[in-house]
């Protein structure tokens with residue numbers, strides 16, 4: 001899966017925001033560290049969103065690859 005991330009430097013930190021996932025932001029001490037943190041932030045955001053929207057009798061959870 002590919003996802004677009006906005007990346008910038010602020011003082012001595014690298015920052016990132018994921019526009020497709022409201023509220024998904026993170027930071028890192030280097031660009032490489034930031035990329036690790038972005039992956040963790042996206043995974044955490046998706047896990048939390050998944051827990052909030054649980055399947056019901058008329059809805060089912062499916063997984064797709066993009």
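Quick note: the coordinates plus some simple rules give every number you see, no bench work behind them. None of the values given here were measured: they were computed from a predicted structure. A quick note on method: Cβ atoms are made from the backbone with ideal geometry, for glycine too, and the neighbour counts reach across all protein chains shown.
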Can you order the peptides 37-44, 59-66 by their average number of other Cβ atoms within 10 Å per residue, highest first?
37-44, 59-66
Over the Cα atoms of the chain, what Rg and Dmax result, in angstrom?
14.6, 50
Based on DSSP H runs of at least 4 residues, each adding -39500 (n - 2.57), what is the mean residue ellipticity at 222 nm of the chain after dividing by all its residues, to the nearest 500 deg cm²/dmol?
-11500 deg cm²/dmol
If I model a spin label as a point 7 Å beyond the Cα along the Cα-Cβ vector, how far apart are those points for residue 8 and residue 58 in nm?
4.3
